[in-house]
1. Within segment B:1-25, which residues are under 30 Å from the mean Cα position of the chain (by Cα), more than 15 Å from B:Leu210 (Cβ to Cβ) and among the charged types (D, E, K, R)?
2. What are the pairs, 6+ residues apart or on separate chains, where a residue within segment B:79-90 that is more than 7 Å from chain A (Cβ to nearest Cβ) has its Cβ under 6 Å from a residue that is polar (S, T, N, Q)?
3. Select from segment A:70-104 the residues that are hydroxyl-bearing (Ser, Thr, Tyr), over 21 Å from A:Thr195 (Cα atoms) and at pLDDT 85 or above and list them in ascending order.
4. Can you find a residue in segment A:127-139 that is within 30 Å of B:Asn82 (Cα to Cα), within 12 Å of chain B (Cβ to nearest Cβ) and in contact with a Pro (Cβ under 8 Å, 6 or more places away or on another chain)?
5. Those residues that are among the basic types (Lys, Arg) and buried (at least 20 other Cβ atoms within 10 Å of the Cβ), I need them from segment A:76-126; list them, please.
6. Of all residues in segment B:37-74, which are surrounded by fewer than 17 Cβ atoms within 10 Å (Cβ to Cβ) and within 13 Å of the chain's Cα centre (by Cα)?
7. Identify, from the list B:Val209, B:Val140, B:Val149, B:Val168, the residue that is more than 10 Å from chain A (Cβ to nearest Cβ) and in a strand (DSSP E or B).
Amino acid sequence: MEGRPRALLERGLCSAVDAQWLMMMMMMMEGRDCLKSYDEVYSGLFDEKGHRKDGREMKEARAMYARGNFVSQAKGSSYIEMNKTKVVCSVFAPREISHQNEFSTVGQLFCEVKFAPFSCHLQRQPHVPDAEEKALSVALRKALEPTVCCHLFANFQIDIFVYILENDGACLAAAITAAGLALANGAVPMYDIITASSIAIIGDKMFIDPTEREEHLALSSPETKQNHGVITMSRMHGLKQIADFRQIGSLDVDCILKATDILEEECNKIVPKIQMILVRYINNGIIQQKKLAEAAKEREAALKIKMKEWSSSIIKISD
Amino acid sequence: MAEIFKHIYPSKYFNDYISRNVRPDGRKFDEHRDVKVNINAITSADASAAVKCGNSTVVCGIKLELAKPKAEEPDTGFLISNVELLPLCSSKFRPGPPSDHAQVINNIVSDIVMNSKCIDLKDLCLVHDKLAWVVYCDLVCLDYDGSIVDACIVAIMTSLKTLLLPSVSFDAETEEVKVDTSARLPLKIHGLPVATSFGIYEHIPRNIVLADPSAYEEEMCGGVGANLIVCWNKGLFCGIQKFGGSNLSTEDEKRTLVLAKEISKLVEGVIETCIKNDKVK
């Protein structure tokens, strides 16, 4: 990281003072990582007992908090929190695709993933979507397309918006799970519940549900030819199908197969939580509907009595 | 049934409620929604607050940066607020550059914060003509259900109140800057402006003033957003703005001023308690 301001300075793009400021800013925002060597950062991922920095075991995913009905104005919405990673997702009712000449026989999904300006440790440029946001949007759409029954709403599009309030790794996995929950919450026809999980691999170590630091280190390639990379996999539980598989970094085949098995298990662990949330909302809906039906019956009965009174009074008048 | 009626004949649906002296969500005309505040939920920001006014949700995150002060004002720092109305918070907003409505709301919010003089920009200057803090306040709306300015002001003020500035040492000769994030000092805040929104609904025999309108009520009252925003700062009147909609009688104006004062006291209490509880933790 410290190379960037220096490069700017050398090319004469900024003054010496500016470069110093930039560097200082980066050091402040990035923490002390930028001055350390790869090995130092690597050993910084573990505590004395060999656990991860946040006290988790290597195979332990973060506890997840999820809920639906988060945004009152949307058709379906959800909020997912995995320790520091916080994601909001909302889904709107299908609408006709504007500015389109051809008729499309299958419905389309429009996905947009955005980071909050304060979501990362560096200040981000708001409004203009950067490369990472665009890549995540496409990845999300690809993962959701096999899950939603697109043929049921021809020539229509469903808008899915994901907002990452805070990013501490595994944000694509969180975004996919959140979008799946929001779609189900909004009663969009789907083949199955979709859940996603992510893993970071450095050498022979596998970090399940990685934090940002672990993810960053797995992607910054060291000199050696060891395994490194991040895999995000989304899975449809009931159909036992993989909806999307995304691997960045270089890994050997055995490692990928092993990681896939682990990810499958992790994805399955999330499913009961999502099912529980959905069932709870349906239950609440049924109770609500019963109440409304009872109230309607009472009103109808009252109206009938009134009608009798009126009709009898009309007869009296006509007499 | 009522839901369908609401969609096919919204004005009649709303009018039926108003003629029976009640609002569609069961509130009285002068009743406002509950305010919930949570602070420091986002650890990647230097200070943050999440605010819920009824369904309306706003999250404010503050990021600090250093910069050189403006040449015209070498003793002042910068406080930059930015309101984002995300497409996910309501179907009214589309993705893309910020809409006019978002910019208008941003202007109202920054005007209120600046005019109340609750922050002295001179406090943000570290070294004369050399170094000053830039406080970026990003306000994001996660759920747009009316009275968004109220929620934005609560969010920005709460996060500014909890903001801790790192100590900075500046070497005048080498112009070297050192930031010590372990030693932090709070920013001085000289007041607490609280805004209260009202919608004015055209009704016979007299127009009706609705405190803290929801998105649906705002739509029914005409105009974009709330019709009237009254701002009080610790018992001092610090601003009133009226945007389109129906006309407001003088008696109603007086009533809204008094009502806004009461509400602002309550909201102040909520913010103070929230910060106090966080300190105890």
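1. Hit for segment B:1-25 is B:Lys6, nothing else.
2. Within 6 Å, the pairs are B:Ser81/B:Ser110; B:Val83/B:Asn106.
3. Narrowing segment A:70-104 to residues hydroxyl-bearing (Ser, Thr, Tyr): A:72, A:77-79, A:85, A:90, A:98, A:104.
Checking the rest, the ones that are also over 21 Å from A:Thr195 (Cα atoms) come to A:72, A:98, A:104.
Residue satisfying the conditions is A:Ser72 alone.
4. The answer is yes, given that some residue of segment A:127-139 is within 30 Å of B:Asn82 (Cα to Cα), within 12 Å of chain B (Cβ to nearest Cβ) and in contact with a Pro (Cβ under 8 Å, 6 or more places away or on another chain).
5. So the first thing to find is which residues in segment A:76-126 are among the basic types (Lys, Arg), and the list is A:84, A:86, A:95, A:114, A:124.
Residues satisfying the conditions are A:Lys86, A:Lys114.
6. none
7. Matching residue, one of B:Val209, B:Val140, B:Val149, B:Val168: B:Val209.
Table: residues versus (1) within 15 Å of the chain's Cα centre (by Cα); (2) not small (Gly, Ala, Ser).
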site	(1), (2)
B:Asn227	no, yes
B:Val230	yes, yes
B:Ile240	yes, yes
B:Phe243	no, yes
B:Ser246	no, no
B:Glu251	no, yes
B:Val258	no, yes
B:Leu266	no, yes
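The values are calculated or read from the model by the stated rules, or taken from the named source; none is laboratory data. The shown structure was predicted, so the numbers you read here are calculated from the model rather than taken from an experiment. Cβ: placed from backbone, ideal geometry, glycine included. Neighbour counts: every protein chain shown.
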